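*Asks:* Here's a structure for you.
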Amino acid sequence: MKPEAKLKEMGIELPSPVTPEANYIKAVRTDNLIFLSGHDPRRPDGTLITGKLGQDLNLEQGYEAARRTVVNLLASLKKELGDLDKIRRIVKLLAMVNCTPDFYDQPKVINGASDLLVEVFGPAGKHARSAVGTISLPGNIAVEIEMIVEVEP
């Protein structure tokens with residue numbers, strides 16, 4: 001099944017990507033790779049999922065924040081490519097989790113992102129990944145994720 005059809009079947013609508021408020025862009029393409037800047041867990045209504053894992057948010061809420069972040073990454077990819085069918089594979093995620101010093105389940109939080117990518121792209125959604133904890137993130141967002149994607153030439 002095509003990625004956009006799969007998203008629709010799952011009831012996921014891609015939002016309009018948010019324009020950066022600083023001197024950078026959301027996506028840079030070099031040859032067959034697209035490097036996506038860090039994205040946040042923005043809900044469809046534009047509000048952010050904020051808070052620290054282990055203090056304000058539980059594991060399930062963090063997992064959902066990671067899924068929401070991937071939806072926003074895919075929206076930026078769609079804007080860049082015009083069609084998600086041009087994606088050959090998801091190469092790498094760098095995921096940061098806003099958490100307390102004694103929270104150790106960052107990989108379980110970021111499974112929300114990884115699971116969604118595999119649901120949408122199948123084996124091409126499997127990727128290399130880093131999931132790290134950090135004491136804070138901009139605007140107190142729960143997670144921030146960067147992504148590298150291989151696309152058709």
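The values are calculated or read from the model by the stated rules, or taken from the named source; none is laboratory data. Bear in mind the structure is a predicted one, so any value in this text is a computation, not a measurement. When we count neighbours, we look across all protein chains shown, and the Cβ atoms used for this are built from the backbone with ideal geometry, even at glycine.
*Asks:* Out of the residues in the stretch 15-34 that are touching a residue at least 24 places away in the same chain (Cβ under 8 Å) and assigned to a loop (DSSP other than H, G, I, E, B), which is farthest from Ile145 (Cα to Cα)?
*Replies:* Asp31
*Asks:* For residues that are crowded, with 17+ Cβ neighbours inside 10 Å, touching a Ser or Thr at 6+ places or on another chain (Cβ under 8 Å) and either under 22 Å from Arg129 (Cα atoms) or modelled with pLDDT of 95 or more (or both), tally how many sit in the stretch 17-36.
*Replies:* Matching residues across the stretch 17-36 total 3.
*Asks:* Please tell me if Ser136 is surrounded by 19 or more Cβ atoms within 10 Å (Cβ to Cβ), among the hydroxyl-bearing types (Ser, Thr, Tyr) and either assigned to a loop (DSSP other than H, G, I, E, B) or at negative phi (or both).
*Replies:* Considered against the rule, which asks whether it is surrounded by 19 or more Cβ atoms within 10 Å (Cβ to Cβ), among the hydroxyl-bearing types (Ser, Thr, Tyr) and either assigned to a loop (DSSP other than H, G, I, E, B) or at negative phi (or both), Ser136 comes out as no.
*Asks:* Let me ask something else. Name the one entry in Val120, Val71, Val151 that is within 26 Å of Asp31 (Cα to Cα), buried (at least 17 other Cβ atoms within 10 Å of the Cβ) and more than 16 Å from the chain's Cα centre (by Cα).
*Replies:* Val151
*Asks:* Read through the list (1) assigned to a strand (DSSP E or B); (2) farther than 30 Å from Pro101 by Cβ, then give the number of the only condition that Ser37 fails.
*Replies:* (2)
*Asks:* Something else about it: Mind telling me which of the residues Ala65, Ala113 ends up being in contact (Cβ under 8 Å) with a residue 40 or more places away in the chain, surrounded by 20 or more Cβ atoms within 10 Å (Cβ to Cβ), of a type in the set (Gly, Ala, Ser) and touching a Lys or Arg at 6+ places or on another chain (Cβ under 7 Å)?
*Replies:* Ala113
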